[in-house]
Structure formats: structure tokens, C-alpha cells
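Q: Questions regarding the structure given below will be posed in turn.
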Amino acid sequence: GQDWSARTKEPDGRIAKDTVVTIEEIQGVHLIVKPREEQTC
């Protein structure tokens, strides 16, 4: 039940709303995220 601020290292600095992301690291109180890659079986 906590809110976190998130940032990305994407070149344009944006990820579309409602995109599922993976957390790459935590820097202080910010999550560094990237779009999650689809997994195929």
C-alpha cells in the first residue's frame, strides 16, 4: 500500500501508461524501471 516514484533509462525517458515494467534498481526513494519483455514458451 505504498506509492513510489519511478524513472526509466529509456532513451526518450517515457514508458506508455499501463505498461507492465520490471524494476532494475532502487535509487533512494525512486524505482528505476524498464518495460517488461514478453516471455514466449
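Q: For V33, what is the net charge nearby, where nearby means another residue's Cβ is under 12 Å from its Cβ and Lys, Arg count +1, Asp, Glu -1? Display every interim value, and only then the final one.
A: On the way: positive: R7, K9, R14, K34, R36; negative: E10, E24, E25.
Around V33, the charge tally is +2.
Q: Related question: Work out how far the C-alpha atoms of the chain reach from end to end along every principal axis, then list the three figures in whole Å, largest first.
A: Answer, in whole Å and largest first: 35, 27, 19 Å.
Q: Still on this model: For the chain, what is the relative contact order in percent, using Cα pairs closer than 8 Å and at least 6 residues apart in sequence? Please list the in-between numbers first.
A: Details: 50 pairs, mean separation 17.0, N = 41.
41 percent.
Taken together, the values in this text are just the output of simple stated rules run on the coordinates, not laboratory data. What you are looking at is a predicted structure, and each value in this text was computed from that prediction instead of being measured. Glycine also receives a Cβ, built like all others from the backbone with ideal geometry; neighbour counts cover every protein chain displayed.
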